[in-house]
Amino acid sequence: MAPSHLSRRSLLAAGGASAVAIGAAAASPSAAAAPPADDPVGTPAEALRRLLAGNHRFTTGHGRHPHQGLNDLHRLAAGQHPFAVTVGCADSRVAPEVLFDQGLGDLFDNRVAGNIVDDLLLGSVEFAVEEFGSLLIVVLGHERCGAITATIDAIHTGGTAPGHIGTIVDSLRPVVEPVLDQPGDPVENAVRANIAAQVRALPARSPIIAEKVRQGTLRVVGARYDLDNGRVSLVA
């Protein structure tokens, strides 16, 4: 037998076809009246501007909460085209659609404690940029990160974290340990170092991402979320 090739089309063809058929059969005035999505985003720079503008709306209390209703879900059932990918922390206070004031279908979220780029997460990010043409990857860290704090505690005490939490600590240790002697708050220094490390890791470990960055069709940026005021700022 000839080898099969997995792709978004082969993986999702059946589900997509079913969704189209159901949508056609069950079309209703309310579904037809679903508000259109925002204008398409054409460049990585436009994608970043849209996210930062959304964060500004969020922090100033002018959030639009765009296309988050059931009609929007119906519109997206046959396919998605997220313009940006987020690599964020699983912290319950760091929800990308909320803090960037985006809606269904806008962001391809990847969240794990410590926003660590491991092989599984990297494959998820590659899937988004390869299959959906997402234009921007944002590595989103945040202040007072619990995963960073746990790593620092383990380094200082020489102890180990319970269960599989130790896997997170072991992954962060090489990033955190070198900055512990720097002046300033050790957690904040480590948060920023980790953001920068994960930004470097994405193109360094992924030829798919590296090639799109080289072509100018994709940008990878780091950002830090302030829990006190909700503001997202870019991290060099």
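Computed values, structure above
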read-out: Radius of gyration and maximum dimension Dmax of the stretch 38-107, Cα, Å; value: 12.2, 34
read-out: Residues whose placed amide H lies under 5 Å from that of A90, excluding near-sequence neighbours; value: V112, A113, G114, N115
read-out: Pair-distance profile P(r), taking every C-alpha pair of the stretch 69-179, with 10 angstrom steps and integer %; value: 13, 38, 29, 15, 5, 0
read-out: Whole-percent carbon and sulfur share, accessible surface of the stretch 103-205, 1.4 Å; value: 56
read-out: Per residue value of the accessible surface for the stretch 110-207 (all protein chains in place, 1.4 Å probe), Å²; value: 45
read-out: Extension reserve of the D118-D153 stretch, reckoned as 0.36 nm per residue once the Cα distance is removed; value: 10.4 nm
read-out: Cα pair distances of the stretch 162-226 binned at 5 Å [whole percent]; value: 4, 15, 19, 19, 17, 14, 8, 3, 0
read-out: Calculated log₁₀ intensity ratio I(q)/I(0) where the Debye formula runs over C-alpha points of the stretch 124-215, q = 0.14, 0.16, 0.22 Å⁻¹; value: -0.60, -0.73, -1.03
read-out: Residues whose placed amide H lies under 5 Å from that of V220, excluding near-sequence neighbours; value: I137
read-out: Alpha-carbon centroid distance for the pair the stretch 36-115 / the stretch 198-231, whole angstrom; value: 16
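The values are calculated or read from the model by the stated rules, or taken from the named source; none is laboratory data. Since this is a predicted model, take the numbers as computed values, not measurements. The accessibility values were calculated without ligands, DNA or RNA, using every heavy atom of the protein model including side chains. Shrake-Rupley method; radii C 1.70, N 1.55, O 1.52, S 1.80 Å.
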